[in-house]
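What follows is one structure encoded as structure tokens, with my remarks underneath.
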Amino acid sequence: MLRWLRRTPDPKVLVIGLDGVPHSLLTKLIDGGEVPNLAAIAASGELRCAESTQPTVSCAAWTSFTTGVNPGAHGVYGFVDRTPGTYQQYITGSNYVRSPQIWRTLSDRGRRVIVMNVPVSTPPPEVNGFLVSGFLAPSLDGATHPRELRRRLERHGYRIDI
């Protein structure tokens, strides 16, 4: 199913993250034959269980996943955080992440990336490839890199999952 990942000598990586889905449920659905496409993907690669962060909040966990560091290092603790030393709140976005996310690191090293619907990726940074922001992006307007990608996605009826 994923032979296209192996077509070139350059290694390719595909990561599919399902927020809030327990590993035990995925294996049960795969073993029961209820998700044949996911079963084929898992059979041609690996299906791993990821541990969450403290706090166990999607924004903090996804940012830890994409940066490789804990919330204390990357600075994202929740959907809404506070400016240090104040009570002023802000909605978490990529401009508040204090550590480089994997797509930035790969792009800086000349690798092409395609990022779809990952929380805390708004506003989308310039990358070598495509990035469609996910959770917490208010709309497709200003949520894609390159910006022109928005029109193509809208023609296909794409909506951000919020």
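Only the coordinates and a few stated rules stand behind these numbers; no lab work does. All of these numbers come straight from a predicted model, not from anything done at the bench. Glycine gets a Cβ as well: all are built from the backbone with ideal geometry, and neighbour counts include every protein chain shown.
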dims of the chain, Cα set, principal axes, largest to smallest, nearest Å -> 51, 37, 33
What does the charge count around residue 110 come to, taking other residues whose C-beta lies under 13 Å from its C-beta (Lys +1, Arg +1, Asp -1, Glu -1)?
+2
Choice from 18, 26, 136 showing the highest fluctuation, given a GNM over the chain with Cα pairs closer than 10 Å
18
222 nm mean residue ellipticity, helices alone, for the chain (DSSP H n ≥ 4; -39,500 (n - 2.57); rounded to 500)
-7000 deg cm²/dmol
Inter-part gap, Cα centre of the stretch 56-101 to Cα centre of the stretch 8-41, in whole angstrom, is 27
Taking the chain as a Gaussian network, where each spring joins two C-alpha atoms under 10 Å apart, which residue of 113, 80, 127 fluctuates the most?
80
Which of the peptides 142-148, 117-123, 56-62 is most tightly packed, and how do the rest follow, going by the mean number of other Cβ atoms within 10 Å of each residue?
117-123, 56-62, 142-148
Hey, quick one: spin label on residue 159, modelled 7 Å out along Cα-Cβ, who in the stretch 104-143 has an amide N within reach, i.e. under 18 Å?
117-118, 133-143
Which residues in the stretch 23-37 place their backbone N less than 18 Å from a point set 7 Å from the Cα of residue 44 along the Cα-to-Cβ direction?
30, 35-37
Top of 24, 52, 107 by mean-square fluctuation, Gaussian network on the chain, Cα under 10 Å
24
Hey, with R₀ at 30 Å, roughly what FRET efficiency would residue 16 and residue 90 work out to, going by the Cβ-Cβ distance, to 0.05?
0.50
Helix 58-67 sits off the longest principal axis of the Cα atoms of the chain, rounded to the nearest 10 on a 0 to 90 degree scale, by 80
Percent RCO, i.e. relative contact order, over the chain, from Cα pairs under 8 Å lying at least 6 residues apart
12
